[in-house]
Amino acid sequence: MTVEYFDLKLFEDKELFEKIKAQSDLYTRLFQLIADEFPQEMIMTKHHESKGSKISMGYRLENCPYQVLDMVRDFDENKGWNIRLLNWWGHGLYLFVLYGKSTFEKMKSSIQRLDNSYQISNQPSPWEYKKIVDGGINIASISNTNNPSLSRYFQVFKKIETDPDFEKTYSILKKEIRFIFDNHF
């Protein structure tokens, strides 16, 4: 049997866990402010099947904690649309836009207006984040897309460069999401 040891120094590092909690709370507050900026009434003018915004969190996305803000929350394979902010500890902050098959066809020209910092997911599942962020395709290739996920979903994503200043990061996210809402449909 292999001898295993508890890392008591890590376990007893109260200051480390307090810092992690404070940073997690800060992202949750950021996501709440973004959700408040785009209320359900506004979202409904863009997508009638919206189920509103929701913040969730967990601790085991590829063994790392995460916080998520979903806006719109329509995951229908045909007519769905969702905007997701994912703060994935150890990986970064990402913006994902998920389209059902007919929504993609309807919004294809709007999607092409996204800047080159966006990538297309080449994964059949919209939830395989490690594979998605490691294997994205440049958005410029959208016109020739034979994307395997297009049979069910189409997804674009962008890594957001977080600024240490809370207000600057808030402004960056608000601008990105405003662009998506203003240029779709």
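Scanning region 91-106 for residues that are open to solvent by less than 60 Å² (accessible area, probe 1.4 Å), more than 23 Å from R29 (Cα to Cα) and either in contact (Cβ under 8 Å) with a residue 60 or more places away in the chain or part of a helix (DSSP H, G or I) (or both) gives S102, T103, F104. Within region 81-90, can one find any residue that is more than 18 Å from T45 (Cα to Cα), of a type in the set (S, T, N, Q) and in contact (Cβ under 8 Å) with a residue 40 or more places away in the chain? Checked against the condition, which is being more than 18 Å from T45 (Cα to Cα), of a type in the set (S, T, N, Q) and in contact (Cβ under 8 Å) with a residue 40 or more places away in the chain, region 81-90 yields at least one hit.
For region 74-86, the criterion of a residue being in contact with a Leu (Cβ under 6 Å, 6 or more places away or on another chain) and more than 19 Å from Y153 (Cβ to Cβ) is satisfied by no position.
If you take the residues in region 140-176 that are at pLDDT 80 or above, among the hydrophobic types (A, V, I, L, M, F, W, C) and more than 15 Å from N87 (Cα to Cα), which one is surrounded by the most Cβ atoms within 10 Å (Cβ to Cβ)? Let's see the steps before the verdict.
We begin by selecting, within region 140-176, every residue at pLDDT 80 or above; these are 153-176.
The next check asks that each one be among the hydrophobic types (A, V, I, L, M, F, W, C); those that pass are 154, 156-157, 160, 166, 172-173.
From the residues that got through so far, the ones that are more than 15 Å from N87 (Cα to Cα) too are 154, 156.
On the way: F154: 24, V156: 21.
Only one residue fits best here, namely F154.
Within region 47-59, residues that are at negative phi have Cβ atoms under 6 Å from residues that are among the acidic types (D, E) in these pairs: E49/D74; K54/D70, counting only partners at least 6 apart in sequence or on another chain. Among the residues making up region 66-85, those that are touching a helix residue (DSSP H, G or I) at 6+ places or on another chain (Cβ under 7 Å) and not charged (D, E, K, R) are Q67, L69, M71, V72, N78, G80, W81, I83, L85. Across region 107-129, not a single residue is classified as assigned to a helix (DSSP H, G or I), farther than 21 Å from F38 by Cα, at pLDDT 90 or above and open to solvent by 40 Å² or more (accessible area, probe 1.4 Å).
Scanning region 77-90 for residues that are in a loop (DSSP other than H, G, I, E, B) and more than 23 Å from S50 (Cα to Cα) yields a count of 2.
Filtered by the rule that a residue be at pLDDT below 95 and closer than 18 Å to N183 by Cβ, region 51-71 gives no residues.
The values are calculated or read from the model by the stated rules, or taken from the named source; none is laboratory data. Treat the numbers as computed from the prediction; the structure is a model and nothing was measured. Heads up, the Cβs are rebuilt from the backbone with ideal geometry, glycines too, and the neighbour counts pull from every protein chain shown. In case anyone asks, the SASA skips ligands and DNA or RNA and just uses the protein heavy atoms, side chains included. Shrake-Rupley method; radii C 1.70, N 1.55, O 1.52, S 1.80 Å.
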